[in-house]
Amino acid sequence: MTTSNPSTFKAKLQRPAKPGADASWTFLVLPKAVSDTLPRRGRTSVYGTLNGHPFQARLEPDGQLSHWLRISLALREAAGAEVGDTVTVTLAPVEVEPEPELPGDLQNALAAAPSATEAWESTTTLARVDWIHWVESAKQAKTRARRVENACDMLASGKKRVCCFDSSGHYSKSLSAPEADQ
């Protein structure tokens, strides 16, 4: 864990109604009071434990000024938890945000645009997290492709941060926790 004061809470493990190709994951929503202790409303990396089993993960914003956490099958099994169980979670933000993984389409576009790559490399890690989040939050492939192109254009023109993107999803309602399967 990190040196900051961790938060401990209980939450119900839920199965997403639309899990995509990998139906093995579950999720939980953080209480707003716990999210309020985190350094940002957008994607935030944390150290934590799930039923005492350690992990490191990136929280996602839920659009309600809180966060949600995707739980892999491996973590759920290691923690001895099943869908529907109430689990004990301890979380603390990481001291230094890790470098985000660059999606292939954005990586290819940056490779083809040297001036955009130069700007990308001169931004902060949190700015890169927001750029990637903006691209990945597109709901349609056409929108995502346009965002990749626009990101390269904005970076090449010297912009270091995504303009007009609410990384918490609260004001635009573009982000939310998954809908739970009933």
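The values are calculated or read from the model by the stated rules, or taken from the named source; none is laboratory data. Just so it is clear, the model here is predicted, and its values are computed rather than measured. Glycine also receives a Cβ, built like all others from the backbone with ideal geometry; neighbour counts cover every protein chain displayed.
Here are the numbers for this structure:
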quantity: Test: residue in the stretch 21-42 that is at pLDDT below 90, in contact with a His (Cβ under 8 Å, 6 or more places away or on another chain) and on the phi < 0 side of the Ramachandran plot; calculated: yes
quantity: One residue from 95, 99 being over 20 Å from residue 177 (Cβ atoms), without any contact (Cβ under 8 Å) to a residue 60 or more places away in the chain and assigned to a loop (DSSP other than H, G, I, E, B); calculated: 99
quantity: Pairs where the first residue, in the stretch 44-56, is in the same structural domain as residue 82 (by TED's automatic domain parsing) and on the phi < 0 side of the Ramachandran plot and the second is among the basic types (Lys, Arg) and buried (at least 16 other Cβ atoms within 10 Å of the Cβ), C-beta under 9 Å, 6+ apart; calculated: 44/58; 45/58; 46/58; 50/76
quantity: Residue list for the stretch 21-47, filter: touching a Lys or Arg at 6+ places or on another chain (Cβ under 9 Å) and exposed (fewer than 14 other Cβ atoms within 10 Å of the Cβ); calculated: 23, 24
quantity: Tally, over the stretch 18-63, of residues that are of a type in the set (Lys, Arg) and outside any loop (DSSP other than H, G, I, E, B); calculated: 2
quantity: Residue check for residue 120: outside the structural domain of residue 14 (by TED's automatic domain parsing), at pLDDT 90 or above, farther than 30 Å from residue 17 by Cβ and not basic (Lys, Arg); calculated: yes
quantity: Single match in 62, 85 (criterion: surrounded by fewer than 20 Cβ atoms within 10 Å (Cβ to Cβ) and outside the structural domain of residue 144 (by TED's automatic domain parsing)); calculated: 85
quantity: Within the stretch 125-146, tally of residues that are in contact (Cβ under 8 Å) with a residue 12 or more places away in the chain and closer than 21 Å to residue 158 by Cβ; calculated: 11
quantity: Helices (runs of 4 or more DSSP H) lying entirely in the stretch 105-182 (those with 3 or more residues that are farther than 27 Å from residue 93 by Cα); calculated: 114-121, 141-156
